[in-house]
1. Limited to segment 35-64, what total is found for residues that are under 17 Å from His15 (Cβ atoms) and not basic (Lys, Arg)?
2. From the set of residues in segment 43-56 that are surrounded by fewer than 11 Cβ atoms within 10 Å (Cβ to Cβ) and modelled with pLDDT of 90 or more, which is nearest to Asp24 (Cα to Cα)?
3. Output the number of the condition that Trp72 fails; it satisfies all remaining conditions of (1) under 21 Å from Glu11 (Cα atoms); (2) without any contact (Cβ under 8 Å) to a residue 60 or more places away in the chain; (3) open to solvent by 50 Å² or more (accessible area, probe 1.4 Å).
4. Just checking, how many residues over segment 35-53 are within 21 Å of Ile73 (Cα to Cα) and either more than 14 Å from the chain's Cα centre (by Cα) or not hydroxyl-bearing (Ser, Thr, Tyr) (or both)?
5. I need every pair where a residue in segment 1-27 that is within 18 Å of Asp57 (Cα to Cα) has its Cβ under 8 Å from the Cβ of a residue that is at pLDDT 85 or above and of a type outside the set (A, V, I, L, M, F, W, C), sequence separation at least 6 or different chains.
Amino acid sequence: MTNFFNGPVPEFDDHIRKSIPPVDALYDLCHGLTAALSQERTSVVDLGCSTGRFLRDIPKRRSTTYVGVDLWIGSG
């Protein structure tokens, strides 16, 4: 995974947890739904993936492709 952030990514995830207190419960719910609804030989796409935490932590299917997409605007 490419890291385009100008600092430690865990600080950003900690910021999200403080800003949206139930975010961990939301992740758990979405992980369960994704595992239940994803199919073999398909793709799971996370639009607005931020740090990629959701896809990094999700239980993976062997023949499924996981893609995170986010808009990054910066210099360099």
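1. Adding up the residues that qualify gives 6.
2. Leu47
3. All conditions pass for Trp72, except number (2).
4. Residues flagged as within 21 Å of Ile73 (Cα to Cα) and either more than 14 Å from the chain's Cα centre (by Cα) or not hydroxyl-bearing (Ser, Thr, Tyr) (or both) within segment 35-53 amount to 7.
5. Listed by first residue and then by second, the contacts come to Met1/Gly52; Met1/Arg56; Met1/Gly68; Asp13/Arg53; Arg17/Asp24; Tyr27/Arg53; Tyr27/Asp57.
The values are calculated or read from the model by the stated rules, or taken from the named source; none is laboratory data. From a predicted model like this one, the values you see are computed outputs, not experimental measurements. Note that we place each Cβ from the backbone using ideal geometry, even for glycine, and neighbour counts take in every protein chain shown. To get the accessible areas, we keep the full protein, side chains included, count just its heavy atoms, and leave off ligands, DNA and RNA. Shrake-Rupley method; radii C 1.70, N 1.55, O 1.52, S 1.80 Å.
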